[in-house]
Amino acid sequence: MSGNILWSREAARGLGVLMGACWLNAACAEGVQKLEEVSVTGTGNPVGVWDGASQGAVTKDEIERRPISRTGEVLETIPGMIVTQHAGDGKANQYFLRGYNLDHGTDFATWVAGMPVNMPTHAHGQGYTDLNFLIPELVSRIQYNKGPYYAEDGDFSSVGSARISYAEALPSNIASLTAGKNNYSRALLAGSPELGAGRFVYGLEYDYGNGPWDNPERLHKINGVMRYAQGTSTNGFNVTAMGYSSGWNATDQIPQRAVDSGQIGRFSAIDPSDGGRTSRYSLSGEWRQTEGNVIRSASVYAIRSKLSLFSNFTYFLNNAANGDQFQQSESRTVMGGSASQTWLTEWGGRQVTNTAGLQLRRDRLDPVALYLTQGRAVVSVTSEDTAVVTSVAPYVSNTVKWNDWFRTIAGARYDRQRYEVTSLQPANSGSKSDALVSPKISLAFGPWAQTEYFLNWGRGFHSNDARGATQTVDPASGNTAQAVSPLVRTTGYEIGARTQRIRGMTASVALWQLRQNSELVFVGDAGTTEPSRASLRTGVEGLVQYQMNSWLAFDASGGVTRSHYTDVQDPGNYIPGSPNVVVSAGATVENYKQWYGALRWRYFGPRPLVEDNSARSSATSLVNGRIGYAFDKRLRLQVDVFNLFNRKDHDIDYFYASRLPAEPAAGVSDIHFHPVEPRSARVSLIANF
């Protein structure tokens with residue numbers, strides 16, 4: 001393919017094999033060469049590749065260099081992202097980005113190996129994103145977008161999206177054993193032998209750990225991946241099977257007053273029977289083809305998942321005798337796929353890329369339920385429903401390089417969703433449909449002196465729980481309930497720049513704003529819908545990556561956000577859980593006389609916990625480290641240390657009313673927190689063969 005064909009983000013997505021990209025489209029030869037350069041330089045954010053200052057990629061090397069205590073923390077490689085936990089580690093993480101408490105995934109869309117991870121109408125929370133099935137050693141690349149500016153991003157992507165790609169070939173086989181404090185152990189075996197005309201990639205993982213909790217977590221996880229791939233980055237296919245199962249005991253957030261009084265310790269549980277079980281099995285396939293200047297791709301997937309989650313956040317507030325434990329349970333089948341075609345052409349001598357795509361998905365939940373329980377035994381049924389969520393989304397995009405220093409990227413998508421709910425309470429059964437058109441536009445200027453400038457605007461949305469869209473009766477109280485809109489509009493703006501003017505350094509900065517018509521959410525913990533107000537967030541964020549020499553690199557990223565509800569009313573306009581400041585910085589040593597290592601600092605700023613800002617969380621500041629020694633190219637020994645300075649900070653904080661034994665019937669409003677784990681070390685022996 002000729003070198004004058006426009007290189008664009010659309011073409012970049014086609015790199016499946018070489019870079020493990022999620023390839024919504026296949027790539028031209030020029031695109032392959034550029035991302036090969038990205039891999040060599042060790043940064044996924046070079047000038048001349050992306051269409052926004054806050055868009056980029058994380059390379060395999062960047063992921064491998066990070067000490068990671070929880071699987072979901074691979075997303076902390078995305079600048080500005082905070083990943084934490086408020087319960088057992090078998091549960092989906094809690095995510096924060098751009099001043100949003102994303103809960104377990106709402107407003108941030110995540111894909112793994114071409115399959116969506118966010119789950120609509122989930123038993124525990126809308127957009128639930130459980131990444132515990134991920135095997136980090138198989139990840140080849142993470143491509144991230146921020147803001148609703150990209151036509152391929154739909155539901156849950158207003159704040160951003162991440163596409164995590166699995167490798168179609170590994171440089172060598174891997175066998176590793178890890179042991180750590182509190183009976184932590186992990187075993188991994190992975191490889192990619194040739195098989196016939198293609199490659200067979202496999203990964204098998206087992207995890208176990210008790211954590212520091214007085215009630216041992218006993219997290220046990222079994223995880224496996226098998227993938228067969230043939231062809232090249234421009235013409236080929238893969239078929240992937242995954243299986244994951246885990247169970248755990250949970251130490252959920254605890255009341256500050258109980259710790260201050262000495263009633264319990266920092267690592268104790270009020271209800272030791274909390275915990276859960278989950279499983280996920282999938283089969284998927286991806287295909288790409290390039291013929292001349294036409295690039296085609298398609299993917300299909302089938303997912304079967306189950307969750308049974310037992311929680312007790314209010315203890316004895318609603319039931320003084322038996323306690324307030326509840327079970328959230330679901331059994332889900334997901335079927336879906338996507339297809340796209342890209343034309344690389346010229347209009348009046350100008351280089352042009354046109355893409356048309358279609359995304360389809362159908363989720364069937366049978367059942368999705370909420371039960372009241374005691375010691376994990378069902379006492380009564382609050383709600384038990386069957387739900388079907390169907391989505392259809394065609395999209396188009398057009399990139400025009402008008403001259404050597406200016407290009408435009410215009411796109412639009414049409415999203416239509418249909419909900420069908422059959423409830424034990426007939427009044428909450430029904431169907432509802434909704435649709436939105438989301439236009440997008442980006443302007444890119446430069447590069448001048450190895451510096452590019454960007455203007456981005458776009459509209460997006462997130463969906464609400466199907467049960468909240470059809471219900472007329474509160475399933476817990478029996479009172480009349482107001483149905484919510486299925487789809488909620490968002491509008492984003494951004495201005496930014498990216499530069500590589502200083503040798504060895506890549507830097508970017510973005511000033512952004514995001515408006516949301518309503519932060520409507522279905523509160524799975526209570527089984528009711530609680531509409532909130534329209535909101536506005538404005539922020540600035542930056543990223544610096546500096547390769548000082550062949551063995552030493554530094555990086556730093558951070559963001560400052562101002563968040564508030566836009567309509568003034570009591571009790572106030574602060575958005576609970578919205579962080580104002582996040583910072584991440586680190587230094588990496590690679591191949592220094594057989595030694596390697598990393599030191600990372602992560603700052604999670606204080607947050608309002610109620611609308612009038614009368615209760616606030618404290619900041620969390622953690623340092624993790626790694627030191628390793630390579631005996632030769634085949635054998636390494638490394639030590640990861642988490643919470644190096646043994647800080648007694650909090651993973652996360654909430655403010656609400658709960659009741660302990662002998663307290664008033666109305667309960668006590670208090671901060672409830674999940675502590676960070678104390679300093680711990682993990683030792684790994686890693687063999688490559």
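The values are calculated or read from the model by the stated rules, or taken from the named source; none is laboratory data. Bear in mind that the values here come from a model prediction, so they are computed numbers and not experimental data. Glycine also receives a Cβ, built like all others from the backbone with ideal geometry; neighbour counts cover every protein chain displayed.
At a glance:
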{"read-out": "Cβ pairs under 6 Å, 6+ apart, first in the stretch 622-637 and at pLDDT 95 or above, second hydroxyl-bearing (S, T, Y)", "value": "G628/Y596; L637/Y629"}
{"read-out": "Restricting the stretch 551-588 to residues that are of a type in the set (S, T, N, Q) and touching a residue at least 60 places away in the same chain (Cβ under 8 Å), the residue that is nearest to F631 (Cα to Cα)", "value": "T588"}
{"read-out": "Strands (runs of 3 or more DSSP E) (entirely within the stretch 615-689) containing at least 2 residues that are touching a strand residue (DSSP E or B) at 6+ places or on another chain (Cβ under 7 Å) and within 30 Å of G572 (Cα to Cα)", "value": "620-632, 650-658, 668-675"}
{"read-out": "Members of the stretch 589-603 that are in contact (Cβ under 8 Å) with a residue 40 or more places away in the chain and either over 20 Å from S680 (Cα atoms) or charged (D, E, K, R) (or both)", "value": "E590, N591, Y592, R600, R602"}
{"read-out": "Residue ID - nearest to L660 (Cα to Cα), chosen from residues in the stretch 294-327 that are β-branched (V, I, T) and assigned to a strand (DSSP E or B)", "value": "I303"}
{"read-out": "Test result for G586, in contact with a Gly (Cβ under 8 Å, 6 or more places away or on another chain), modelled with pLDDT of 95 or more and assigned to a strand (DSSP E or B)", "value": "no"}
{"read-out": "Flag for S338 being of a type in the set (S, T, N, Q) and either farther than 27 Å from N464 by Cβ or touching a residue at least 60 places away in the same chain (Cβ under 8 Å) (or both)", "value": "yes"}
{"read-out": "Matching residues in the stretch 423-444 - criterion: being farther than 22 Å from V396 by Cα and not small (G, A, S)", "value": "L424, Q425, P426, N428, K432"}
{"read-out": "Search result, residues across the stretch 573-591 that are surrounded by fewer than 21 Cβ atoms within 10 Å (Cβ to Cβ) and of a type in the set (A, V, I, L, M)", "value": "V581, V583, A585, A587, V589"}
{"read-out": "Residue in the stretch 345-352 that is closer than 22 Å to T422 by Cα, in a strand (DSSP E or B), of a type in the set (V, I, T) and more than 31 Å from the chain's Cα centre (by Cα) present", "value": "no"}
{"read-out": "Selection count where residues are modelled with pLDDT under 95 and in contact with a Lys or Arg (Cβ under 8 Å, 6 or more places away or on another chain), scope the stretch 344-370", "value": "0"}
{"read-out": "Complete set of residues in the stretch 543-556 that are of a type outside the set (A, V, I, L, M), surrounded by fewer than 21 Cβ atoms within 10 Å (Cβ to Cβ) and within 25 Å of S621 (Cβ to Cβ)", "value": "Y546, F554"}
{"read-out": "Hits in the stretch 75-100 (condition: within 9 Å of the chain's Cα centre (by Cα) and among the β-branched types (V, I, T))", "value": "V83"}
{"read-out": "The listed residue being in contact (Cβ under 8 Å) with a residue 60 or more places away in the chain and on the phi > 0 side of the Ramachandran plot, out of N173, N182", "value": "N182"}
{"read-out": "Criterion: more than 30 Å from D153 (Cβ to Cβ) and hydrophobic (A, V, I, L, M, F, W, C) - qualifying residue of A369, A387", "value": "A369"}
{"read-out": "Breaking point among (1) surrounded by fewer than 24 Cβ atoms within 10 Å (Cβ to Cβ); (2) modelled with pLDDT under 95, for G105", "value": "(1)"}
{"read-out": "Among (1) without any contact (Cβ under 8 Å) to a residue 60 or more places away in the chain; (2) farther than 29 Å from P120 by Cα, the one test that T451 misses", "value": "(1)"}
{"read-out": "For Y150: the one exception among (1) of a type outside the set (K, R); (2) surrounded by fewer than 24 Cβ atoms within 10 Å (Cβ to Cβ); (3) in a loop (DSSP other than H, G, I, E, B); (4) within 24 Å of the chain's Cα centre (by Cα)", "value": "(2)"}
{"read-out": "Failed item, numbered, when Q482 is tested on (1) at pLDDT 95 or above; (2) in a loop (DSSP other than H, G, I, E, B)", "value": "(1)"}
{"read-out": "Residue in the stretch 592-603 that is surrounded by 14 or more Cβ atoms within 10 Å (Cβ to Cβ) and under 23 Å from T251 (Cβ atoms) present", "value": "yes"}
{"read-out": "All positions within the stretch 77-123 that are outside any strand (DSSP E or B) and either within 15 Å of D363 (Cβ to Cβ) or of a type in the set (S, T, Y) (or both)", "value": "T77, G105, T106, V117, N118, P120, T121, H122, A123"}
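For every residue, the table says whether it meets (1) more than 30 Å from Y596 (Cα to Cα); (2) in a strand (DSSP E or B).
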residue: Y453; (1), (2): yes, yes
residue: E494; (1), (2): yes, yes
residue: I502; (1), (2): no, no
residue: R533; (1), (2): yes, no
residue: S563; (1), (2): yes, yes
